[in-house]
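Written out below as structure tokens is the structure these notes cover.
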Amino acid sequence: MGCFIDCLLSPLILWPAIIGVSIYLLKEYMQGGKFTKNTDETGKVFIVTGANTGIGKETALEIARRGGTVYMACRDLNRCERARKEIVKETNNQNVFSRELDLSSQDSIRAFVAGFKKEQNKLDVLINNAGVMRCPKTLTKEGIELQLGVNHIGHFLLTNLLLDLLKKSAPSRIVVVSSLAHARGSINVADLNSEKTYDEGLAYSQSKLANVLFTRELATRLEGSGVTVNSLHPGVVDTELGRNWAFFQTNLVQYFIKPMIWPLLKTPKSGAQTSLYAALDPELKDVTGLYFSDCKPKTVAPAALDKAIGKFLWTESEKWTGLDKPDSQK
């Protein structure tokens, strides 16, 4: 027995054990807030964009586990279908559907909405989760800078085209996945589409700020409708979001930096918790226009409080999506 204790206290065993436990405890702490309330979502209809991987997949999985009807709206239909089958197998919920939605194409967005409305006459929760990050200069089909085009403009159009169903289904909710990066952003009024200059980091932050401004402006416009809209920061999550960031794909990052920061990253399941909180918590039934992180309300950056900029962004977004035109011209 004494020999066994001596072995346990040996520096060769003791220090690796201490380090291992410390890393585990740090990793657990960094997972942040969790949505632990039990809810029954049977009979409710959800749309989750970007649901084939990462936070979106975990969000769809948990909603399906709670009995909800889930439409997984994804750009890559093959990957979406594989994820759908995994979710159905794990939850035994057959009401999970994969549908094509490319947020960089307004034709694709309109086609998705038209198809959805043929299948469903209600929508209880729309979760605008999909996004791209730090892309090389790329344009959407309509010529919009990709990060602004996908993260904001695509979801702006999708949301507005679904508002009639959301209002019909009230009380209903819209959840917009933004980022703490919104605090580093500014809306470049003189060059909103990054035509004069382009910085991938600034463009990403601008798109995330646009998410919060859109949420706040939409909440004002929907006042009294029974439809709530809130935005959130999911945390720093270990997902595929950085796949377009060239630096993130270097050997330095993959084999040295990422293993070092791994304890600081949330898992996709943990990253989905605030989305689930905003979408499902009964106490948020009448809460709108807020910004959440770790399942708690948080203060937004000063730039997100600028109502004039929010209205400017809304007007420009309407122009870029054709929503400013009469129905006969759309």
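See the values below:
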item: Breaking point among (1) without any contact (Cβ under 8 Å) to a residue 24 or more places away in the chain; (2) among the aliphatic types (A, V, I, L, M); (3) out of contact with any Asp or Glu (no Cβ under 9 Å at 6 or more places or on another chain), for L139; result: (3)
item: Verdict on L26 being in contact with a Pro (Cβ under 7 Å, 6 or more places away or on another chain), part of a helix (DSSP H, G or I) and at pLDDT below 95; result: yes
item: Strands (runs of 3 or more DSSP E) contained in region 69-139 and holding at least 2 residues at pLDDT below 95, under 20 Å from the mean Cα position of the chain (by Cα) and more than 30 Å from K196 (Cβ to Cβ); result: none
item: Any hit, region 162-172, residues being crowded, with 16+ Cβ neighbours inside 10 Å and among the basic types (K, R); result: no
item: Within region 196-210, tally of residues that are in contact with an Asp or Glu (Cβ under 8 Å, 6 or more places away or on another chain) and touching a residue at least 24 places away in the same chain (Cβ under 8 Å); result: 2
item: Selection status of A203, assigned to a helix (DSSP H, G or I), farther than 30 Å from K167 by Cβ, touching a helix residue (DSSP H, G or I) at 6+ places or on another chain (Cβ under 8 Å) and at pLDDT 90 or above; result: yes
item: Residue count, region 251-306 (criterion: at pLDDT below 95, assigned to a loop (DSSP other than H, G, I, E, B) and hydroxyl-bearing (S, T, Y)); result: 1
item: Cβ pairs under 7 Å, 6+ apart, first in region 146-170 and assigned to a helix (DSSP H, G or I), second among the basic types (K, R) and buried (at least 24 other Cβ atoms within 10 Å of the Cβ); result: N151/K208
item: Where G185 falls short, out of the listed (1) closer than 23 Å to Q106 by Cα; (2) crowded, with 24+ Cβ neighbours inside 10 Å; result: (1)
item: Residue count for region 44-68, restricted to those that are part of a loop (DSSP other than H, G, I, E, B), surrounded by fewer than 24 Cβ atoms within 10 Å (Cβ to Cβ) and in contact with a strand residue (DSSP E or B) (Cβ under 8 Å, 6 or more places away or on another chain); result: 1
item: Filter pass, A114 being among the small types (G, A, S) and surrounded by fewer than 20 Cβ atoms within 10 Å (Cβ to Cβ); result: yes
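Rundown of residues vs (1) assigned to a strand (DSSP E or B); (2) touching a Gly at 6+ places or on another chain (Cβ under 8 Å); (3) at pLDDT below 95; (4) aromatic (F, W, Y), yes/no style:
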residue: E195; (1), (2), (3), (4): no, no, no, no
residue: N211; (1), (2), (3), (4): no, no, no, no
residue: F214; (1), (2), (3), (4): no, yes, no, yes
residue: E217; (1), (2), (3), (4): no, yes, no, no
residue: G224; (1), (2), (3), (4): no, no, no, no
residue: L232; (1), (2), (3), (4): yes, no, no, no
residue: G235; (1), (2), (3), (4): no, yes, yes, no
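The values are calculated or read from the model by the stated rules, or taken from the named source; none is laboratory data. The shown structure was predicted, so the numbers you read here are calculated from the model rather than taken from an experiment. Neighbour counts run over all protein chains shown; Cβ positions are idealised from the backbone, glycine included.
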